[in-house]
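Worksheet: the structure to be examined is printed underneath.
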Amino acid sequence: MPFRSEPKLVFHAKPHRHASHSASNILWGTSAVLLLAWLANGTRYGWDTLRIPLISATSLLGFEWGWQVCVANRLMPFGTISNASCFLLAALLTFLMPPTVPWWILVSGALLTVLFLELFGGLGQNIFHPVLASYAVLHHFFGSTLANGLWTPNVIAIWAGGIFLLLKRWIAWEIPVLCLASAWIGTVLLNASFTWEILASGSIVLGALFFATDPATSPMTKNGKVVFALLAGFLMALFRKWGHDLESVVYVLLMMNGFVPLLERYRASAPEGHRS
Amino acid sequence: MKPFKRGLKLPDFKYASLSSLKIHRLPPPRFVTVRLDQHPGAVLRPCVREGELVGVGTQIAHGTEPISVPLHSSASGRVHEIGHGFIRIESDEADSRDSSIRPNDVPASDTERFVELLRQAGIVDLARNPSPLHWQLLQARARGIHTVIVNGCESEPFLTCDHLLMLNHPVEILKGTEMLRNASGARQAIIAVEANKLEVVELLNSKNYALKIKMVKAQTLPTRYPQGAPRTLARTITGLWAGSDEDLIRIGVLVVNVATAFSVYEAAALGKPLYERVVTVSGPCVLEPKNLWVRIGTPVGDLIRAAKGFMRPPERIILGGPLTGDAIESLEEPVVKKTQAVLALPPELTHSGREEPCIRCGWCLQVCPESLFPETIVRAVRKENLELAGQYEIERCTECGCCAYICPSKIPIVSIIQKAKNKPAPNVSIPQPLDALPV
């Protein structure tokens, strides 16, 4: 029996078909992948596996809520919080922390993350990756506390999570692939010895797969992504030879974040023959 | 030929309206509402009075500008109402033709008379941008072009009207193409067909084997949206970049739709003015999707009824393809010359959602067939910095909708760019981010 009554028709902006993905789905999915990869640390970290993400997620959510209510004047900011950006940032912050980290470092890290995100205009507008920037500040003030714990996340879980994101095409393949390749080549050249150990280094893999691929702080153009990844990989290898593992990744990526507007100036492919 | 980069591979849903390869004919509707603004730049004046008797194909309005083409009645009967911007005709269901319609023998090589004939037949390009054909031919003649591209790509999902027209009337299309080539003074004419319609290419070539039209050939192009956009098509075939649709003549190309070539043949050989066209009625909400010969001015509701009505309530009804068409607000809306399809879409297909903040994923850059920066343009327009938007070449946007399709944050990129291109008056509000957020 056909449907007989008159349908209710209202104006809609075109186009009338959209891809089925959405930004919040991608953010939720990435957060879930990161959480699963983190839980693989359970055997080594014990109860800290739950303590660290719980504290960072609740404090990040709280600070974000506070910012939205007090500064942005949104009374019930469900809309801005429901897209999982807080959970993603909390999960990333979690990954950078040693197991014995005291709670107040986590809370201040969350505060700094929210500040580095919101002071630049919120999700997608920030120049520097908020988690990396807040880690840099934490490391400056509480470097000794952070260095006390042994930072050893499960590299295989990070690889698995990253490959899942690549297969879902939630992250651009150019950045992790070229970044890791150039980091490996850089290590081989600088050490003058053939070694694969860089691909088993948690910080490099984490940085290439999860931090460098953050869409807001990496170039949008394809050529920009290639240059960004190659430079970041080589600098990571360089910094790592004379510095600490995790810090070199953090500072290299922060530096490269600053270059993003410059890298985007060069067009992916200028239309041949048409320059008017 | 190099396939164009970027763009999208879309699920095409064309099978729905291809279950019957016949183009069905509708009985004349009770009322037809012919709108006066059938093409951009049309300034028309009605030349009939209320109550006057008209036949099918009687001229009911003619233009005062050299660019505008006259309008013809699509039903026989009495002029019911001459309103603001439309003429409504009450049909007497006799369907008697106007006596002036008779075959004529103007050769296409006699450009001036032929072009005037096309103008009097009211022919516009039966595509998304319905520019008057006589105007394009005159410009092509004046500037000199080398190729006529007859666009049978139909790269948008759901549309099959051009496909069925080519299947049912290949000879007419070949002859119409040859006429267009002759009239425009081009050296060759190419009928461009996407690879999902290979049987059409085969059919056209085999008919041409008998007709022996030398400089017309059918060419297969890869299936990819928006292959059918005029500039993208011209670029794929000739390798030349055009900055705008008007710029196509400069690079020596005239792009018209296959339906236009068909109506050129009908106008030249039979003297029949353009008062009907093939329209696809499709979409998951329609019970029996099909293709119809529809008179210009038929209300959309009649088309839906001809497709056996709705299976379930649609979220939106669209005139044109799903990526470039316009949503209508009433089933009384009449079919115009550029209407290629009437689509009834459910919410699970449109995937429209609330707008979220841009996460700068850059996917809009990766799909833009014109290699523009949609993200940057949108940011510039929202800051009302039209100068910056101009530096990022907003004028080159073809409004194909790829960026808005792929955008995970559901930003209405196309409507923002459209509003900025139409030189917004200060009171036109451009949708700002997070407008719809519950605050």
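The values are calculated or read from the model by the stated rules, or taken from the named source; none is laboratory data. Not measured: the values here are computed from a predicted model. Note that each Cβ is placed from the backbone with ideal geometry, even for glycine, and that neighbours are counted across all protein chains shown. With ligands, DNA and RNA removed, areas are computed over all heavy atoms of the protein, side chains included. Shrake-Rupley method; radii C 1.70, N 1.55, O 1.52, S 1.80 Å.
The table below lists the values:
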read-out: Total residues in segment A:159-188, condition touching a residue at least 12 places away in the same chain (Cβ under 8 Å) and either within 14 Å of chain B (Cβ to nearest Cβ) or over 22 Å from the mean Cα position of the chain (by Cα) (or both); value: 10
read-out: Tally, over segment B:1-40, of residues that are in contact with a Pro (Cβ under 9 Å, 6 or more places away or on another chain), within 19 Å of B:Ile123 (Cβ to Cβ) and open to solvent by 50 Å² or more (accessible area, probe 1.4 Å); value: 2
read-out: Residue match in segment B:187-195 (condition: surrounded by fewer than 24 Cβ atoms within 10 Å (Cβ to Cβ) and part of a helix (DSSP H, G or I)); value: yes
read-out: Number of positions in segment B:275-308 that are assigned to a loop (DSSP other than H, G, I, E, B), open to solvent by 10 Å² or more (accessible area, probe 1.4 Å) and farther than 22 Å from B:Pro157 by Cβ; value: 1
read-out: Selection count, segment B:309-330, where residues are under 15 Å from B:Cys285 (Cα atoms), within 7 Å of chain A (Cβ to nearest Cβ) and assigned to a loop (DSSP other than H, G, I, E, B); value: 6
read-out: Scope segment A:1-50; condition open to solvent by 30 Å² or more (accessible area, probe 1.4 Å), in a helix (DSSP H, G or I) and at the interface with chain B (Cβ under 10 Å from one of its Cβ atoms); matching residues; value: A:Asn25
read-out: Index of the failed condition, A:Leu199 passing every other in (1) open to solvent by less than 60 Å² (accessible area, probe 1.4 Å); (2) in contact (Cβ under 8 Å) with a residue 24 or more places away in the chain; (3) in a helix (DSSP H, G or I); value: (2)
read-out: Matching residues in segment B:227-271 - criterion: being at pLDDT 90 or above, surrounded by fewer than 24 Cβ atoms within 10 Å (Cβ to Cβ) and among the aromatic types (Phe, Trp, Tyr); value: B:Tyr265
read-out: Count of residues meeting criterion [free of Cβ contacts under 8 Å to residues at least 60 places away in the same chain and of a type in the set (Phe, Trp, Tyr)] in segment A:94-111; value: 2
read-out: Residue count, segment A:124-158 (criterion: within 14 Å of chain B (Cβ to nearest Cβ) and open to solvent by 50 Å² or more (accessible area, probe 1.4 Å)); value: 3
read-out: Among (1) surrounded by 24 or more Cβ atoms within 10 Å (Cβ to Cβ); (2) touching a Phe, Trp or Tyr at 6+ places or on another chain (Cβ under 7 Å); (3) not basic (Lys, Arg) - the single one B:Glu329 does not satisfy; value: (1)
read-out: Total residues in segment B:380-419, condition within 22 Å of A:Ser22 (Cβ to Cβ) and within 10 Å of chain A (Cβ to nearest Cβ); value: 17
read-out: Selection count, segment A:220-276, where residues are under 30 Å from B:Arg250 (Cβ atoms) and either at pLDDT below 85 or away from chain B (no Cβ under 14 Å) (or both); value: 12
read-out: Filtered residues of segment B:159-191 (kept if of a type in the set (A, V, I, L, M) and under 20 Å from B:Ser282 (Cβ atoms)); value: B:Leu159, B:Leu164, B:Leu165, B:Met166, B:Leu167
read-out: Selection count, segment A:72-104, where residues are surrounded by fewer than 18 Cβ atoms within 10 Å (Cβ to Cβ), more than 14 Å from chain B (Cβ to nearest Cβ) and either at pLDDT 90 or above or farther than 21 Å from A:Ala40 by Cα (or both); value: 3
